[in-house]
Amino acid sequence: LDALVQSIATESACTRDGTRVSLNINTGLAADFEVVRGIDADGIGLYRTEIPFMVRNCFPSEQEQCELYEKALDAYPGKPVNMRTLDVGGDKPLPYFPIKEDNPFLGWRGIRMTLDHPEILLVQVRAMLKANIGRGNLQILLPMVTSVQEVEECLRLINQAYAELCEEYQCEVPKPKIGAMLEVPAAIYQIGLLSRLVDYFSVGTNDLTQYLLAVDRNNARVASLYDYYHPGVIEALHYIAKQCKKYNVPVSVCGEMAGEPIGLLLLVSMGYRNFSMSAQNLLKAKWVLKHISLEEVESLLQQTSQVACPQQIKNLVAQKLDELG
Ligand code: PEP
Ligand code: MG
């Protein structure tokens, strides 16, 4: 068994019938790179840059940020590292930048905050672009995108930082791809418009579920209502996959759902081929993929689309997983 696990760990992720699936890790702490040592990953699908900000007692300087980002880029040389711009607010407070609101999840979070403080965004983007000099594997991901105007404004600031660095270094610094998170429901109805501005999308199922179901992802009282397998969420995820295909724009899934075997199978059945997950889930995900063929998975979507109850959807997929051993 050990030899089998070993071979799965070091091979690229593939289904039994040979379809390549890209598996990346979610990270925020350098310790995550350790967890994954010995298990081949395709890159970092989501680097939550707010995490190093949260463990400090003041904003890290451009230089400090640059050093952190260099480490993340060097952990996966030649492979994409998706750095998300600061996503504070909601459940992620900065001790030195208090935000007091009645409805923080509907409030000043992600790019809403950083667009009101372009000096914070500019320093961060400069640090990312600087770290990427001589490396070239940076991609920049924008959190909590709700409108086209927000993305236009972010792109303007990113271009400004880019122009400054080209000037300072007297050279063309590498230009990163720019992506938008799909986690606010309104964004999924603007995929066509947004795809003209960004190079790719990443679906944040954690927030998308919370906003589609109007259930606070951290409220214990309604925890049983928070469910990625709600038919409304499944339908939305399927719709996103179809829209991205229609507009020919790459899409990945980086919420926790992608790291659960049941979620992963459903997402593969919808056509997703690029995932990012906690490092602990990587080996299990590779194992599951290795044991399924696309044909088997595609019939699942058909079956689950007839079902109204989240538990029944899970049971159907779990049964399939059982059959596959
Ligand atoms: C998400 O919302 O699904 C996501 C990946 O981002 P976070 O959990 O950091 O909000
Ligand atoms: Mg999110």
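If you go through the stretch 136-180 and keep only what is within 16 Å of ligand 2 (Cβ to nearest atom) and either among the hydroxyl-bearing types (Ser, Thr, Tyr) or at pLDDT below 95 (or both), you end up with just THR146. Quick check on the stretch 275-325: of everything there that is touching a Cys at 6+ places or on another chain (Cβ under 9 Å) and outside any helix (DSSP H, G or I), which residue is nearest to GLU256 (Cα to Cα)? Only one residue fits best here, namely MET277.
Listed here are the residues, each with its yes/no results for (1) within 16 Å of ligand 2 (Cβ to nearest atom); (2) outside any helix (DSSP H, G or I).
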position	(1), (2)
ALA41	no, yes
LEU46	yes, yes
GLU70	no, no
ASP74	no, no
ASN82	yes, yes
LEU86	yes, yes
ASP102	no, yes
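Of all residues in the stretch 107-123, count the ones that are within 16 Å of ligand 1 (Cβ to nearest atom) and in a helix (DSSP H, G or I). Write out each step before concluding.
Narrowing the stretch 107-123 to residues within 16 Å of ligand 1 (Cβ to nearest atom): 107-114.
Restricting the remaining residues to those that are in a helix (DSSP H, G or I) gives 111-114.
Qualifying residue count for the region: 4.
Does the stretch 163-177 contain any residue that is under 16 Å from THR85 (Cα atoms), in contact with a strand residue (DSSP E or B) (Cβ under 7 Å, 6 or more places away or on another chain) and outside any helix (DSSP H, G or I)? Within the stretch 163-177, one or more residues are under 16 Å from THR85 (Cα atoms), in contact with a strand residue (DSSP E or B) (Cβ under 7 Å, 6 or more places away or on another chain) and outside any helix (DSSP H, G or I). Pairs linking a residue in the stretch 203-219 that is farther than 20 Å from LEU141 by Cα to a residue that is near ligand 1 (Cβ under 9 Å from one of its atoms) and hydroxyl-bearing (Ser, Thr, Tyr), with Cβ atoms under 9 Å and 6 or more positions apart or on different chains, are VAL215/THR209; ARG217/THR209.
Considering every residue within the stretch 194-217, establish whether at least one is assigned to a helix (DSSP H, G or I), away from ligand 2 (no atom under 16 Å from the Cβ) and not small (Gly, Ala, Ser). Yes - at least one qualifying residue is present in the stretch 194-217.
Within the stretch 305-313, is even one residue modelled with pLDDT under 95, of a type outside the set (Asp, Glu) and either buried (at least 17 other Cβ atoms within 10 Å of the Cβ) or within 29 Å of ALA75 (Cα to Cα) (or both)? Yes.
The values are calculated or read from the model by the stated rules, or taken from the named source; none is laboratory data. Keep in mind the model is a prediction, meaning the values are calculated, not measured. We place every Cβ from the backbone using ideal geometry, glycine too, and count neighbours over all the protein chains shown.
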